[in-house]
Amino acid sequence: MLIPISYNLRSLFVRRAATLLTVLGIGATVAIFAGVLALQQGFKTMFVAGGREDVVVFLRPGATGETDSQFRRDLGLKLIKGLPEIELGPNGPLASMECYFAVLRPKMDGGQVNVPMRGVQPATFEIRGDEIKIVEGRNFTPGTDEVIVGRKLVERLQDCRLGDVLQINTTPCRVVGVFDHQGAYSSEIWGDLERFLATLDRYGPNRVIAKVKPGTLVGDPDAEGGPEPGSLAARVKNDNEVPAKALTEKQFLLSQTRMLGGILLFLGVVLAFIMGIGATFTAINTMLSAISSRTSEIGILLSMGFRPLPIFLSFMFESIVLCVLGGFAGCLLALPFNGIETGTMNGQTFTEVAFAFRVTPAVLVASVSFSLLLGLFGGVWPAFRACRMTPTEALRRQ
């Protein structure tokens, strides 16, 4: 026969001061855990949100990102003209060469960070369609030293407001517009490909992007054993004239999140472990205090015929309820951080990226599950002590 649940709920209410303190202590631990997970989710979501399956990114063979990839201009043009999978637009193939580099820029609050800059061709905007939205000013004019700045950089970096002048090497570039994008591009500065290549004295772009026709099998160039035979990735990998690494934009952006995303996840696990130990001891102490003040009640329950197992389960349930309440409190404490923007260095590209905390349903479920584990670990020892008591021993203690 199990002990009624109402007994445990009444006990938590009677000891409401201790219950509240324990719930808040566990809630603070869960809130920090949820905050780190929300940071990791925000970073990952920011990259993946802008990824498309119908846009293919071509890199130099063996490259892991744009920073270690570069094509000769003539090879980039040959790649664009030689692939029948590329969709045609009103002005020709929907493909664009892009260069990518980082410039050290001063922050508004002091210090300097590497800011990603991208040189693009007009076809980039044809491919992107409504993804890139000019929210202030206008787009840059091709062939000029004009740039547009991602919205997330305007309030974070100096000389990024409309009308400001950015100095790139010896070339002054005027900010003529501010653009927004739901993905990582909102943390970049865009300008004309030809002017950026001339400013940096480079011979060609870092990558080629193209919109492919529906039904095109792109494949995975990093798959074990190589890309799928017959796929676009397999064909361009073995091309004699212009060998390249082809992957969908979504695949490419996911590959750029592995390092920092892994670090944030590892940080969350380490913090959860360290703070979880403290929270577990808090739960143990609370439950031991409760048992100490309720030994006579335990004795009465044993005298009434309740077996040790129901008593063990009863106090385990009480510990779990206590910690789950703390988990919900932690989720409530973490919710106000949702949408708050921050920035950090992406170890994959060594550039500053701005993104927002994302308290997603997955983060909330993980946080409550974490609090449930705290309740299980924190309740075992006190519940075991309670069920080991004998009726005479429990009734004798006051």
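Just so you know, all these numbers are worked out from the coordinates, no wet-lab data involved. In this text, all values refer to a predicted model and were calculated from it rather than measured experimentally. Positions of Cβ are backbone-derived with ideal geometry, glycine not excepted, and every protein chain shown enters the neighbour counts.
Look at Trp190, Trp381 and count the other Cβ atoms within 10 Å of each Cβ; fewest to most, that gives Trp381, Trp190. Charge dipole of the chain (Cα centre as origin; +1 on each Lys and Arg Cβ, -1 on each Asp and Glu Cβ, all else neutral): 1560 debye, rounded to the nearest 20.
Other residues lying with their Cβ under 15 Å from the Cβ of Val380 contribute a combined charge of +1, Lys and Arg counting +1, Asp and Glu -1. Annotation: the residues Arg60, Arg105, Arg207, sorted from fewest to most other C-beta atoms within 10 Å of their own C-beta, follow the order Arg60, Arg105, Arg207. Ordered by the number of other Cβ atoms lying within 10 Å of each residue's own Cβ, fewest first, Asp74, Asp54 fall into the sequence Asp74, Asp54. For segment 83-164, applying the loop criterion from DSSP together with a ceiling of 13 other beta carbons within 10 Å to the trypsin sites (Lys or Arg not before Pro) yields Arg138. Both the radius of gyration and Dmax for segment 55-217 are 15.8, 50 Å, in that order, over alpha-carbon atoms.
Calculated FRET efficiency, Glu136 and Asn114, Cβ-Cβ r, R0 22 Å, to nearest 0.05? With a Förster radius of 22 Å, E is 0.35. Using the Stokes-Einstein relation with a Kirkwood hydrodynamic radius computed over Cα pairs, the translational diffusion coefficient of the chain at 4 °C and a viscosity of 1.567 mPa s comes to 52 µm²/s. Going by alpha carbons, how many degrees (0 to 90, nearest 10) lie between the helix axis of 361-388 and the longest principal axis of the chain? Value to nearest ten degrees: 20. For Asp68 and Phe266, the difference between the fully extended length at 0.36 nm per residue and the C-alpha to C-alpha distance is 68.6 nm. Bridgeable lysines around Lys237 (alpha carbons under 24 Å apart, same-chain partners fewer than 8 residues away excluded): Lys78, Lys81, Lys211, Lys213, Lys245, Lys250.
Relative contact order of segment 55-217, taken over Cα pairs closer than 8 Å and 6 or more residues apart, is 34 percent. Compactness check for segment 133-229: Cα Rg over 2.2 N^0.38 Å is 1.37.
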